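Peer 1: Once you've had a glance at the structure underneath, I'll fire off some questions.
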Amino acid sequence: MDENLLNQGAEGAEEVQAAGTEEQAGVQGEQVLDGQQQPEKKYTDADVDRIIAKKIAAERKRMQKLFEGEQQESELEKRERDVTRRELMADVKDRLIADGLPSSLASIMDYSDKETNEKSYQDITEVFREALQQAFVQRLAGRAPHARMDRGSTEINREKAIANAFAPPER
């Protein structure tokens, strides 16, 4: 037990002093109440170890309660975040459908908080609309004509087309 006390460091020494002070105050209180002068009590190592063990156990219990309280708060916060996330996702899906956009865009948005979600919505819908506009323009433009590789055959085809255009009609 003495090695454990040494390992406790400064906090352990403060606890020993505090425990000793409290115990001495109790002994002095007994002396004054009795009205008789009793000899000052000396504590053995076993007594000090027992007192310190009580103090450490009480502190551990207090810290355990604090830890459990924090853990309960974090579980509550986690549930709250999940509910908020689901509400924001439902709202975003409704807005996407109302704006004529696919609701699958909701899966790539940020739901950490309302402001971030709004910015994410604006950015993603803007990018999607730009991509849609570019695809629409490309579709309207149609295919580009294919260039022929053989220029010689192109000239021959052109000459044939001209000759056929001025040729007398066949009867």
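Values in this text are rule-based calculations from the coordinates and carry no lab data. Predicted model only: the values in this text are computed from it and were never measured. Counting neighbours? That spans all protein chains shown, and the Cβs are built from the backbone with ideal geometry, glycine included.
Peer 1: What spacing in nm lies between the two simple spin-label points modelled at GLU73 and ILE97, each 7 Å away from Cα in the Cβ direction?
Peer 2: 4.0 nm
Peer 1: Where the Cα atoms of region 42-171 are projected onto their three principal axes, how long is each span, largest first, in whole Å?
Peer 2: Largest to smallest, the principal-axis extents are 139, 37, 22 Å.
Peer 1: Taking 45 Å as R0, compute the FRET efficiency from the Cβ-Cβ separation of ALA161 and GLN133 and round it to 0.05. Numbers along the way, then the final one.
Peer 2: Values: r = 40 Å, r/R0 = 0.88.
Calculated value: 0.70.
Peer 1: Could you calculate the contour length gain from SER104 to GLU126, that is, 0.36 nm times the residue separation minus the distance between their Cα atoms, to one decimal place in nm?
Peer 2: Numbers: separation 22, 0.36 × 22 = 7.92 nm, distance 1.51 nm.
Taking SER104 through GLU126 to full extension adds about 6.4 nm, to one decimal.
Peer 1: Over region 37-111, with a single point scatterer placed on each C-alpha, what log10 of the ratio I(q)/I(0) does the Debye formula yield at q = 0.15, 0.20 1/Å?
Peer 2: -0.73, -0.90
Peer 1: I want to check the label-to-label distance for LEU66 and ARG85. Put each point 7 Å from Cα in the C-beta direction and report it in nm to one decimal.
Peer 2: 3.0 nm
Peer 1: If you don't mind, there's one more thing I want to ask. Pull out the extension gain between ASP49 and GLU118, defined as 0.36 nm times the separation in residues minus the alpha carbon to alpha carbon distance; nm, one decimal.
Peer 2: Additional length available on full extension: 18.8 nm.
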